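*Asks:* Mind having a look at this structure? Questions to follow.
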Amino acid sequence: DGPHDPRAEAGTSAEAGVRARPDARALADRDRARLLHPFLPGEQHSRIVMVEGEGCRLRDAEGREYLDATAGMWLCQVGHGRREIAEAAAGQMRTLEYSTVFWDYTHDRAVELAERLVGIGSDDTRRVFFTSGGSEGVEIALRMARNVHHRRGEPDRTWILTRDSAYHGAGYASGELSDFPPYTTGFGPHPGQVHRLSAPYPFAAGEAPEKATDLLVHELESAIDRIGAHRIAALIGEPVLALGGMVAPPPDYWPRVEQVLRRHGILLILDEVVTAFGRVGHWYAADRIGVRPDLTVLSKGLTSGYFPLGAVVTSEDIARTLGGDGGFPVGHTYSGHPVGCAVALANLDIIEREGLLDAAERAGARLGEELRSLHDIPLVGGTRQYGLTAAVEIVRAPGSRDPLPEGTYAIADQIRDRTGVLVRGGPRALTVAPPLVLSDRETTEIVAAFGEVLSGLPVRS
Ligand code: PLP
């Protein structure tokens, strides 16, 4: 059964505020005249006009159906088209559409959500600062990290350690922490005081995974020696490098990194914008990789994308330091937005009620298994899966580890255009992170789409 027609359920369109399906071609022309898109090369490029979705499926204005193996931008944990969330938003808008959490103002939704975010973790002595999205959360976490050291009498601790293949956002500081070539030229001057370490990406580095952690920990220790621990505020990292290619670390990597950081008084900022809320089978990936971050950045799956919202969860210790002497002097208009919080609570209810943490783990294991059928395809260098994230490495030549010089972006487009399955391209790998409600049939459909397109890729000489 395909996507429902929201207009059929909702009565007349005027009544329910559901708009008539747009004329795709006319809308594309109007779009070209007025919108500036992120990452769209060329004014004349075509447009895909999405109109509705349900579960893992989306439909465009021409009636074409897509299987959304990207969960939007890796965020739609509960699947598309959940009425319950729409109703939670509408109900909240009717009662208290906006109120701030600056100064001594608060409201029930922000408090309930903060309690919930702490309650689902393994450490119940935490506090929550709300933002509107992931980049904003990373900027806040950075401010917190530096400010905490400053308040504790170590104002020289300003350097931040980050890693190759990382993505932490589009702000100036979060962009600087990202290993993302589009941000490096044409946007200077850059904030600086960032040191980049190698990523735990054994496939790319050509290392055996069991040796990778030793090398990476040694590199971290050398960098700390060189820069000086007294000048380093924090290390930021994604539990799984998402944009970097859904790269999960060797199991001993994070605990050993955490040990080194603790020894040197360096804070650990975990960027869980992609990995939290079931993506890797736990509420927080921290509980799977075995670390206790000082600061955790959340967004995306927090609301499944039904409303823009983010959060930074801090240890009690950090919250106490920041709360002293005038309080933490940073905030955003939309911090703790009541509608965002109501949407997040409804979303978390669904994840809990439907057992989506376990469902993600099961669907992921099946996806990982089925992806093995691609190993015979000449340009497939390997596949990997962790929770409900997976990647297919595409190599330049059979048996090589070198990526295609142009990346896999055009292959992702081909998969979409030929099979209707949405996957993400990248510098090396094709990646998927579907909604956690992925069915067995949909899992097989994703793998079949990869197989169909990848087996036809020409082997270059
Ligand atoms: N951190 C990670 C790991 C991300 O993948 C992203 C976005 O994809 C961000 C931060 C930035 O979040 P936003 O795009 O909501 O600003």
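*Asks:* What full-extension length gain, to one decimal in nm, is calculated for Trp103 and Val194 as 0.36 nm per residue of separation minus the Cα-Cα distance?
*Replies:* Here the answer is 29.5 nm.
*Asks:* Test of understanding: what is the full-extension gain from Val459 to Val330, defined as 0.36 nm times their sequence separation minus their Cα-Cα distance?
*Replies:* My answer for the length gained is 41.1 nm.
*Asks:* If I ignore ligands, DNA and RNA and count only protein heavy atoms, how much of Ile224 is accessible to a 1.4 Å probe, in Å² to the nearest 10?
*Replies:* Looks like 0 Å² after rounding.
*Asks:* Okay, moving on. Cα convex hull of the chain: how many Å³ per residue?
*Replies:* 158 Å³
*Asks:* With +1 on each Lys and Arg Cβ and -1 on each Asp and Glu Cβ, how big is the dipole of region 298-397 about its Cα centre, in debye rounded to the nearest 20?
*Replies:* Taking the Cα centre of region 298-397 as origin, the dipole is about 280 debye.
*Asks:* Turning to a different aspect of this structure: For Val392, Val128, write out the residues from largest to smallest accessible area, computed with a 1.4 angstrom probe and no ligands counted.
*Replies:* Largest accessible area first, the list is Val128, Val392.
*Asks:* What order do Asp104, Asp417 take when sorted by accessible area (1.4 Å probe), most exposed first?
*Replies:* Final ranking, largest accessible area leading: Asp104, Asp417.
*Asks:* Taking only DSSP H segments of four or more residues, each worth -39500 (n - 2.57), what value at 222 nm results for the chain once the sum is divided by all its residues, to the nearest 500 deg cm²/dmol?
*Replies:* When only DSSP H runs of four or more count, the value is -11500 deg cm²/dmol.
*Asks:* Could you report region 298-385's accessible area per residue, 1.4 Å probe, as an integer in Å²?
*Replies:* Result: 40 Å² of accessible area for each residue.
*Asks:* Using only alpha carbon pairs under 8 Å that are at least six residues apart, calculate the relative contact order of region 86-219 and give it in whole percent.
*Replies:* 15 percent
*Asks:* So how exposed is Leu197, as accessible area in Å² (1.4 Å probe, rounded to 10)?
*Replies:* Counting only protein heavy atoms, the figure is 10 Å².
*Asks:* Among Ala229, Gly186, Gln414, whose Cα projects farthest towards the positive end of the dipole of the chain, with charges put on the beta-carbon of Lys, Arg (+1) and Asp, Glu (-1)?
*Replies:* So the residue we want is Gly186.
*Asks:* Let me ask something additional. Determine the per residue accessible area of region 68-118 with all protein chains present and a 1.4 angstrom probe, expressed in square angstrom.
*Replies:* The answer is 53 Å² per residue.
*Asks:* If you take every DSSP beta bridge fully contained in the chain, what fraction is antiparallel? Give it as a percent rounded to 5.
*Replies:* 65 percent
*Asks:* Using a 1.4 angstrom probe on heavy atoms only, work out the carbon and sulfur share of the accessible area of the chain in %.
*Replies:* It is 51 percent, rounded to a whole number.
*Asks:* Label point 7 Å out from His264 along Cα-to-Cβ: which residues of region 199-226 have amide N under 14 Å?
*Replies:* Counting backbone N atoms under 14 Å from the label point, the list is 216-226.
*Asks:* How about region 163-217: which chymotrypsin sites (Phe, Trp or Tyr not before Pro) there lie in a loop by DSSP and see at most 16 other Cβ atoms within 10 Å?
*Replies:* Counting only loop positions with at most 16 other Cβ atoms within 10 Å, the chymotrypsin sites (Phe, Trp or Tyr not before Pro) in region 163-217 are Phe187.
*Asks:* For Asp214, what accessible area in Å² do you get when you roll a 1.4 Å probe over the heavy atoms of the protein chains, rounding to the nearest 10?
*Replies:* The accessible area comes out at roughly 80 Å².
*Asks:* For Ala229 and Met93, calculate 0.36 nm times their separation in residues minus their Cα-Cα distance, and state this gained length in nm to one decimal.
*Replies:* Between Ala229 and Met93, full extension yields an extra 44.1 nm.
*Asks:* Size of the dipole of region 269-353 about the Cα centre, Lys and Arg at +1 and Asp and Glu at -1 on the beta carbon, nothing else charged, in debye to 20?
*Replies:* Charge dipole of region 269-353: 260 debye, to the nearest 20.
*Asks:* A follow-up question, please. Along each principal axis of its Cα atoms, how long is region 262-382 end to end? Whole angstroms, biggest number first, please.
*Replies:* 62, 41, 26
*Asks:* Taking region 77-115, which GluC sites (Glu not before Pro) meet the DSSP loop condition and have no more than 14 other C-beta atoms within 10 Å?
*Replies:* Glu97
The values are calculated or read from the model by the stated rules, or taken from the named source; none is laboratory data. This structure is a prediction, so every number in the text was calculated from the model and none was measured. Counting neighbours? That spans all protein chains shown, and the Cβs are built from the backbone with ideal geometry, glycine included. All accessible areas refer to the heavy atoms of the entire protein, side chains included, with ligands and DNA or RNA removed. Shrake-Rupley method; radii C 1.70, N 1.55, O 1.52, S 1.80 Å.
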